[in-house]
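Written below as structure tokens is the structure these notes are about.
The values are calculated or read from the model by the stated rules, or taken from the named source; none is laboratory data. Just so we're clear, the structure is a prediction, and the values are computed from it rather than from any experiment. Using ideal geometry, Cβ is built from the backbone for each residue, glycine included, and neighbour counts are taken over all protein chains shown.
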């Protein structure tokens, strides 16, 4: 074999005076091939640094053994927990994960999805960006026979597989906790109005107030684009009210960090002048002295693991026995006693 030449099955077969099919079966420990022959084939393959032709395998099995995972941000603890769960499942299935982050940019998200489709990934797990409004790509992937499973931030459609957290359970616990501490001026700093998760938070917030006999004050409900500036503007509006709220529920822990910082700058004392509860229960709170009263756990690992489980059912079997819409109840985690 010439220097620099890639070793092949044919080369091994030629040297050992065997057929290529015999060599191929020997490398796979096929029972029809004798032990001595199998050992000879494997020994020479190791000496030649032979590697299977992935393209040939993919072509034969009509698979690339890759899945795409597209998330809003890989730096967020929520999604880093999720990707760990997905990669663990992919590793069990001998699959490679191709990662992409949309950075909450709908155009960027679509470009990543188109690239994954062109590379013929076997499936996609997606948490859509907060700015995504067009879901035409779903039909495009269906035509290409590439399954998509959504989790956390999902489209409001019943014809796709979705895994989410039930935000209502945690929200109701949060409001009950505030009311039990004597708060009746409770505000909500919510995410973008177009998000299904934002709508669910607001509906649960209003339900929680009514359940606890607290008057719904529309002045206490604000939407933010989740940027630091947007979060600060929402907080400024709230604390500028003639009767400012004494307790605030925030869309996420990152929103809470922004508004708590802003509140401190305005001279308010956390857990004395104003109290907070947020969503996501990120590990960051273990390292912060003045933390919110509580955070609502949304179980990103469980969501992602289930999304991967469903995806590999669809990839390997073409179907899944699991329901298309799965909901995990969120849960209030107390961080600091008032």
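Quick notes
- Hits in region 180-209 - residues which are within 21 Å of residue 272 (Cβ to Cβ) and out of contact with any strand residue (DSSP E or B) (no Cβ under 8 Å at 6 or more places or on another chain): 180, 182, 184
- Selection within region 87-128 - closer than 17 Å to residue 147 by Cα, within 16 Å of the chain's Cα centre (by Cα) and in a loop (DSSP other than H, G, I, E, B): 123, 127, 128
- Breaking point among (1) touching a helix residue (DSSP H, G or I) at 6+ places or on another chain (Cβ under 8 Å); (2) more than 19 Å from residue 245 (Cα to Cα), for residue 289: (1)
- The listed residue being touching a strand residue (DSSP E or B) at 6+ places or on another chain (Cβ under 8 Å) and either at negative phi or modelled with pLDDT of 95 or more (or both), out of 227, 295: 295
- Note on region 281-297: among residues that are farther than 15 Å from residue 172 by Cα and under 22 Å from the mean Cα position of the chain (by Cα), the one that is surrounded by the fewest Cβ atoms within 10 Å (Cβ to Cβ) is 283.
- Neighbours by Cβ (under 6 Å, 6+ apart or cross-chain): first from region 97-117, surrounded by 17 or more Cβ atoms within 10 Å (Cβ to Cβ); second modelled with pLDDT of 95 or more and part of a helix (DSSP H, G or I): 97/87; 97/90; 100/112; 102/108; 102/109; 113/137
- Residues of region 186-211 that turn out to be touching a helix residue (DSSP H, G or I) at 6+ places or on another chain (Cβ under 9 Å), at pLDDT 95 or above and surrounded by fewer than 17 Cβ atoms within 10 Å (Cβ to Cβ), as a count: 3
- The residues of region 150-190 that are part of a strand (DSSP E or B) and within 24 Å of residue 299 (Cα to Cα), listed by number, are 150, 151, 161, 162, 163, 164, 165, 166, 188, 189, 190.
- Restricting region 119-142 to residues that are more than 30 Å from residue 223 (Cβ to Cβ) and at pLDDT below 90, the residue that is surrounded by the most Cβ atoms within 10 Å (Cβ to Cβ) is 120.
- All positions within region 129-149 that are touching a strand residue (DSSP E or B) at 6+ places or on another chain (Cβ under 7 Å) and part of a loop (DSSP other than H, G, I, E, B): 146
- Scan of region 212-236 for residues that are assigned to a helix (DSSP H, G or I) and either surrounded by 18 or more Cβ atoms within 10 Å (Cβ to Cβ) or in contact with a helix residue (DSSP H, G or I) (Cβ under 8 Å, 6 or more places away or on another chain) (or both), ordered by number: 220, 228, 230, 231, 232, 234, 235, 236
- Residue in region 70-83 that is in a strand (DSSP E or B) and surrounded by 21 or more Cβ atoms within 10 Å (Cβ to Cβ) present: yes
- Residues that are modelled with pLDDT under 90, surrounded by 13 or more Cβ atoms within 10 Å (Cβ to Cβ) and under 19 Å from the mean Cα position of the chain (by Cα) do not occur anywhere in region 54-65.
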